[in-house]
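Report on the structure given below.
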Amino acid sequence: MTKSVLARRAATELEPFAHDRLTCTIGAEVFDVDLGEVSRDDLLFARLRAMLLEHKVLFFRNQDITRAEHVALAERFGTLEDHPRLGSDPHYPGLVRIYKDLDSPAEHFENAYHCDATWRENPPMGSVLRCVEGPTVGGDTIWVNMAAVYADLPEDLKEKIAGLRARHSIEATFGARLPIEERHQLKDRFPDAEHPVVRTHPETGEKILFVNSFTTHFVNYHTPENVRHGIDYAPGAANLLNYLLSRAAIPEYQVRWRWTNNSFAIWDNRCTQHYAVQDYWPGIRKMERAGIVGDRPF
């Protein structure tokens, strides 16, 4: 078989599934696909992965698959990781239960623009999230294309942040409501991570603005180039960080998904942020997420 025939065959085999783009910037709803079958089939998974790199988040409805299939699908991307503050399914480590009902504590970890677990040295590559039980009204999730956010920054600002690095903390977020001893123990287990403010996607080469609600401060801003007087650093650095954080809230970079039971979202955590809208009280929202171990941002 000639190289040209092989190339055409490979292109055909990786042809996208039937789908609708949901915005001009991010997100696609995929049709006529059984994620259980994808979890067992190399070619189907390769097609899904190629679509994920293009659209950054993929959505599926009516996926009545087992927890084992959910885990198997996520494990095709890589090793799964647990979460130190959220419960996992006892039979499937790494399948994190995010259950909010009338007995849930009044915690607000979700309703912020964030990239999952950037307080890790190696933040997750992505996640496969299932709606087990959703409210009749509300409870949507928003995703943001942070590559598009970076691309639209003014050129002088891109130059200013090119070499900056920032601190990301679980202590200041999930740990903030804990008693001081437990908070310090959490930080001992997961010391603050330091990441570039602009990371490079390891597969697409895109530049991505990589600050979110886990980011506390820049670690190398206080230099003669940036600081002439104290006010240039405090509040100057914080003002710059807040400006960068605010970019995620711009609707033109977003897609919003209305959950139904047994609907799924698969997203690339390296180039997106998301926001789980907590507008459904006293409704119930039960989600199960398989997070995939990622690489160290560069």
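Overview of values
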| item | result |
| --- | --- |
| Selected residue (criterion: surrounded by the most Cβ atoms within 10 Å (Cβ to Cβ)) from residues of the range 109-125 that are at pLDDT 95 or above and among the polar types (S, T, N, Q) | THR118 |
| Meets criteria (surrounded by 13 or more Cβ atoms within 10 Å (Cβ to Cβ), at pLDDT 95 or above and closer than 25 Å to ARG247 by Cβ) for VAL128 | no |
| Residue in the range 109-126 that is acidic (Asp, Glu) and free of Cβ contacts under 8 Å to residues at least 40 places away in the same chain present | no |
| Members of the range 202-237 that are in contact with a strand residue (DSSP E or B) (Cβ under 6 Å, 6 or more places away or on another chain) and under 22 Å from CYS271 (Cβ atoms) | LYS207, ILE208, PHE210, VAL211, ASN212, SER213, PHE214, THR215, THR216, PHE218 |
| In the range 93-108, residue nearest to GLN278 (Cα to Cα) [restricted to those that are surrounded by fewer than 18 Cβ atoms within 10 Å (Cβ to Cβ) and modelled with pLDDT of 85 or more] | TYR99 |
| Filtered residues of the range 44-86 (kept if surrounded by 15 or more Cβ atoms within 10 Å (Cβ to Cβ), among the acidic types (Asp, Glu), in a helix (DSSP H, G or I) and within 17 Å of the chain's Cα centre (by Cα)) | GLU75 |
| Conditions (1) of a type in the set (Phe, Trp, Tyr); (2) over 30 Å from LEU35 (Cα atoms); (3) buried (at least 22 other Cβ atoms within 10 Å of the Cβ); number of the one not met by TYR243 | (3) |
| Test: residue in the range 212-223 that is of a type outside the set (D, E, K, R), surrounded by fewer than 21 Cβ atoms within 10 Å (Cβ to Cβ), closer than 26 Å to SER88 by Cβ and touching a residue at least 60 places away in the same chain (Cβ under 8 Å) | yes |
| Count - residues of the range 127-141 that are in a loop (DSSP other than H, G, I, E, B) and within 19 Å of the chain's Cα centre (by Cα) | 2 |
| Those residues of the range 27-43 which are in a loop (DSSP other than H, G, I, E, B) and crowded, with 17+ Cβ neighbours inside 10 Å, in sequence order | GLY27, VAL33, SER39 |
| Any hit, the range 178-187, residues being in contact with an Asp or Glu (Cβ under 7 Å, 6 or more places away or on another chain), surrounded by 13 or more Cβ atoms within 10 Å (Cβ to Cβ) and part of a loop (DSSP other than H, G, I, E, B) | no |
| Any hit, the range 157-177, residues being on the phi > 0 side of the Ramachandran plot, assigned to a loop (DSSP other than H, G, I, E, B) and touching a Pro at 6+ places or on another chain (Cβ under 8 Å) | no |
| Residue check, ILE170 loosely packed, with under 13 Cβ neighbours inside 10 Å and of a type in the set (Val, Ile, Thr) | no |
| Qualifying residue in the range 230-237 (condition: in a strand (DSSP E or B) and out of contact with any Asp or Glu (no Cβ under 8 Å at 6 or more places or on another chain)) | no |
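The values are calculated or read from the model by the stated rules, or taken from the named source; none is laboratory data. Values in this document were obtained by computation on a predicted structure and should not be read as measured data. Quick reminder, even Gly has a Cβ in these numbers, built from the backbone with ideal geometry, and neighbours come from all protein chains shown.
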